[in-house]
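Please read the structure below before turning to the comments.
No value in this document is a laboratory result; all are computed from the given coordinates. Fair warning: this is a prediction, and the values are worked out from it, not measured in the lab. Reconstructed Cβ throughout: ideal geometry from the backbone, glycine too, with neighbour counts over all protein chains shown.
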Amino acid sequence: MTRKNIIEERYLYKNASEPFYLSVSKGTVRGHSYVHKFGANLDIDPGADPESIWTAGGLYPWSSLTTAQTLYAISDSSSDTDILTIQGLDSNYNLIEEEVTMTGTTAVTTTNQFLRVYRMIYNHSEVNDGTVTVRVNSDTGTVVAQIDEGKAQTLMAVYTVPANHSAYLLCLDASLNKGEDGSIHLYQRPFNKSFKIAHMAEIYEDSYRYDFAVPLKFTEKTDIDLRIDEVETNNTRCTANFDLLLVNENNLSS
């Protein structure tokens, strides 16, 4: 049985007129949505790893988001004065999104409080001129999301499953630059538990992809963190992606 058939049988999908995942993407399958996460860490050194695959570098600072907080958005360029969209979760792990108007090198604060941040998008007529960060506590506090210069969107292979949802990991991939090697580790932290490894692979100057014949299930409020470890040379570059089928358990068709 293929992965597609497994998902269709599990959720009693009955519309055979088009591919299941096309319908999910179009929003026509009740209670189902799709999350594509992608990240990059472009400067990993031996001795500094493991690191999460996100552009701010180092392990993702989960401990800085133990409670919902006001966020501080700031750029290192005065030219960045357009709208920044921040996506994450509120204090109850429900999905939340807010737009703030950037004021360059002067921080602006969010109206809402965020318990998690998993994506930012810089909405503009031009790409962001500088590095845009969102921080906790103050405009010099810990970075919890970052948009690199000219990218207009975060590159962070981390995610938290919203309340009342289950997430099913369909596939993941990662790649390292020429002449480099490392170990890819997928970690999960179920609610009120510790991080534990859920998948790993060794890569040498190549790309790696794994399609889960039976999708790996993450329960509500689970933190997901894709990391790189065991690199051997300075300035190792790593990129990674993973795809989730997100199911709202309170909004399934009867």
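So, in nm, how far is label ARG30 from label SER194 when the simple model puts each one 7 Å beyond its Cα toward the Cβ?
Each label point lies 7 Å from its Cα, and together they span 4.3 nm.
What spacing in nm lies between the two simple spin-label points modelled at ASP82 and SER125, each 7 Å away from Cα in the Cβ direction?
Roughly 1.0 nm, to one decimal.
Hey, what do the phi angles of region 231-239 turn into as Karplus ³J(HN,Hα) couplings, whole Hz, using 6.51/-1.76/1.60 and θ = phi - 60°, x for Gly and Pro?
Computed from phi, the couplings for region 231-239 are 6, 10, 9, 5, 6, 5, 10, 9, 10 Hz.
Only Cα pairs within less than 10 Å get springs; with that Gaussian network setup on the chain, which residue of ASP80, ASP211, ASP181 has the largest fluctuation?
Taking springs between Cα atoms under 10 Å, the residue moving most is ASP211.
Students often get this wrong, so check it: of LYS151/LYS221; LYS37/LYS196; LYS196/LYS221; LYS37/LYS151; LYS196/LYS217; LYS26/LYS217, which have C-alpha atoms separated by over 18 Å?
Listed pairs above 18 Å: LYS151/LYS221; LYS37/LYS196; LYS26/LYS217.
Counting each DSSP H run of 4 or more residues in the chain as -39500 (n - 2.57), what helix-only mean residue ellipticity at 222 nm follows after dividing by all residues, to the nearest 500 deg cm²/dmol?
Using -39500 (n - 2.57) per qualifying helix, the result is -1500 deg cm²/dmol.
Express the relative contact order of the chain as a whole percentage, based on alpha carbon pairs under 8 Å and six or more residues apart in sequence.
Relative contact order for the chain comes out at 25 percent.
Name the long-range amide H neighbours of LEU115: under 5 Å, sequence gap of 5 or more, or other chain; modelled H, no Pro or chain starts.
Close amide H contacts, sequence-distant or interchain: GLN69, LEU89, ASP90, SER91.
Determine the shape class of region 109-219: with a ≥ b ≥ c the square roots of the Cα gyration tensor eigenvalues, call it rounded for a/c under 1.5, and otherwise prolate if a/b is greater than b/c, oblate otherwise.
In terms of gyration-tensor shape, oblate.
If I histogram all Cα-Cα distances within region 175-214 using bins 5 Å wide from 0, what percent of pairs lands in each bin?
Final binned percentages: 6, 21, 20, 20, 15, 12, 5, 2.
Excluding residues on the same chain fewer than 8 positions from LYS193, give the aspartates and glutamates whose Cα lies under 15 Å from its Cα.
Candidates past the 8-residue exclusion: GLU220, ASP223, ASP225.
Calculate one ³J(HN,Hα) per residue across region 158-165 by plugging θ = phi - 60° into the Karplus curve 6.51 cos²θ - 1.76 cosθ + 1.60, and present them in order as whole Hz with x for glycine and proline.
The phi angles translate into 10, 6, 10, 6, x, 4, 6, 10 Hz.
Any idea how far apart ALA201 and THR101 come out in nm if each label point goes 7 Å out from Cα toward Cβ?
Here the answer is 4.5 nm between the modelled labels.
Tell me the relative contact order for region 62-147 as a rounded percent, counting alpha carbon contacts under 8 Å between residues six or more apart.
Relative contact order here is 38 percent.
Which value results when the Cα radius of gyration for the chain is divided by 2.2 N^0.38 Å?
It is 1.04.
Using the per-residue mean of other Cβ atoms lying within 10 Å as a proxy for protection, in what order, highest first, do the peptides 139-151, 196-208 fall?
139-151, 196-208
Scattering from the C-alpha atoms of region 62-147 alone, worked out with Debye: what is log10 I(q)/I(0) at q = 0.10, 0.16, 0.18, 0.20 1/Å?
-0.21, -0.53, -0.66, -0.81
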